[in-house]
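Values quoted throughout were computed directly from the atomic coordinates according to the rules given, and no laboratory measurement underlies them. None of these values were measured; they are calculated from a predicted model. Cβ coordinates were reconstructed from backbone atoms using ideal geometry, including for glycine residues, and neighbour counts include every protein chain displayed.
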Amino acid sequence: MAARSEIDSQNLPAHVAVIMDGNGRWAKQKGGLRIFGHQNAITAVRDTVEAAAEVGVQYLTLYAFSTENWARPKHEVMALMQLLVHTIRQETPTLLKNSIRLESIGDISSLPESCQRELAEAKELTKAGSRMTLILALSYSGRWDLTQATQRVAREVAAGTLLPEQVSEQTIARYLSTAGVPDPELLIRTSGEQRISNFLLWQLAYTELYITDLLWPDFRREHFYDAIQAYQRRERRFGKTSEQLTVS
Ligand code: IPE
Ligand code: IPE
Ligand code: MG
């Protein structure tokens, strides 16, 4: 496992996104119910947030609940929502102490009132945090994001405040829920699944993917450092040739 001292502070991803997967399988391995896995995911979240802030990552986006996750058994969805409220309440003082700003992306209005309230309060309390922004993706999916962005662009066009030919990649990026946030340079997915699961579809266009077989409740800061180190060994070519990159 990597140590923090082995990380090159000159080549850090500004934005890391994480698909926190494998809670259910973790619980099953332990002979517990799925919710037991979700409860044990909190330590992994805490460790990852702390490690990211300490290393110097500026934005950390955690995929906590997808649009598709609403289709899970009702009791699991309810338990996840309760856990969300509880965790935000419990962790806000630590975020404040570490100067971490909390943000969210997703269809927040679809969350239970109590979640919306807790989230709004925590966002307000931490809004001055300047060390790192922690973005929770809640009731989020990449297609939802592109759909809401398209609707807003269409409204501008219909109102005559934007011409169709003025719609550029920058326009679309401005209407996505991640407006103002750089695209993630690194995506970490736990539990070995090799898919995006409708996460940040537009924003992940050139993101480096790092998939580990670890189940999310077992993920710790050292694993985060491993992912950063793996990222630092990658050659990001953006369509160019390797030779072009080495010529100054
Ligand atoms: C990730 O773990 C948490 C959420 C999607 C909310 P899962 O609950 O998907 O766990 P597995 O993938 O079934 O093991
Ligand atoms: C992705 O995990 C969503 C979150 C981590 C919140 P899922 O467990 O829902 O993804 P699939 O269904 O295996 O693709
Ligand atoms: Mg899963």
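Cβ-Cβ distance below 6 Å, separation of 6 or more or different chains: which pairs start in segment 165-191 with a residue that is over 22 Å from HIS223 (Cα atoms) and end on one that is away from ligand 2 (no atom under 16 Å from the Cβ) and in a loop (DSSP other than H, G, I, E, B)?
Every condition considered, the pairs that remain are PRO182/ALA14.
Identify, from the list LEU134, LEU214, the residue that is closer than 17 Å to GLN58 by Cβ and either assigned to a helix (DSSP H, G or I) or hydrophobic (A, V, I, L, M, F, W, C) (or both).
LEU134
Residues ILE108, ILE35: which one is within 16 Å of ligand 2 (Cβ to nearest atom) and closer than 18 Å to PHE219 by Cα?
It is ILE35.
Scan ALA51, ALA64 and give me the residue that is part of a helix (DSSP H, G or I) and either under 20 Å from SER114 (Cβ atoms) or touching a helix residue (DSSP H, G or I) at 6+ places or on another chain (Cβ under 7 Å) (or both).
None of the others qualify; the one that does is ALA51.
Report, by residue number, each residue of segment 122-131 that is of a type in the set (D, E, K, R) and either in a loop (DSSP other than H, G, I, E, B) or without any contact (Cβ under 8 Å) to a residue 12 or more places away in the chain (or both).
Selection gives GLU124, LYS127, ARG131.
Which condition number in (1) within 29 Å of ALA230 (Cα to Cα); (2) surrounded by 13 or more Cβ atoms within 10 Å (Cβ to Cβ) is the one that SER130 fails?
Condition not satisfied by SER130: (2).
Can you name every residue in segment 59-84 that is surrounded by 19 or more Cβ atoms within 10 Å (Cβ to Cβ) and either more than 14 Å from ligand 2 (Cβ to nearest atom) or of a type in the set (Asp, Glu) (or both)?
Correct list: TYR59, LEU60.
Considering each of GLY31, GLY37 in turn, give the residue that is farther than 22 Å from ARG234 by Cα, assigned to a helix (DSSP H, G or I) and not aromatic (Phe, Trp, Tyr).
Testing whether each residue is farther than 22 Å from ARG234 by Cα, assigned to a helix (DSSP H, G or I) and not aromatic (Phe, Trp, Tyr) leaves just GLY37.
So GLU124 fits all but one of (1) under 18 Å from the mean Cα position of the chain (by Cα); (2) farther than 24 Å from ALA14 by Cβ; what number is the exception?
(1)
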